[in-house]
1. Assuming 0.36 nm per residue, please report the length gained on full extension of the stretch residue 69 to residue 33 beyond their Cα-Cα distance.
2. Pull out the extension gain between residue 10 and residue 84, defined as 0.36 nm times the separation in residues minus the alpha carbon to alpha carbon distance; nm, one decimal.
3. How much FRET efficiency would the formula 1/(1 + (r/R0)^6) give for residue 51 and residue 76, where r is the Cβ-Cβ distance and R0 is 35 Å, rounded to 0.05?
């Protein structure tokens, strides 16, 4: 709340004094800290946020594993079909043997 008031006052003063506006986006990002204050006061919201964070941790492990598998199949495919696919003038592909 205080940051919002400071931002409004600063913007108005800069407008009145005819000074070019400065970038206040760092102050706007600090508004997100209000959510942390709300989570701290509400136990059920805190439990929900904790479960969401734990879910993202487990998903990140799965995403890394999936990425590694995709890379392995990409390398195998590149090795198996290297120089064997030819693009025809009509847009179709032929496999050279």
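Read-outs throughout are calculated quantities, based only on the coordinates presented, and are distinct from any laboratory measurement. As the structure is a computational prediction, the values presented were derived from the model and not from experiment. Here Cβ is always computed from backbone atoms with ideal geometry, including for glycine, and neighbour counts include all displayed protein chains.
1. That works out to 9.1 nm of additional length.
2. Result: 20.1 nm gained on full extension.
3. Working from the Cβ atoms, E equals 0.40.
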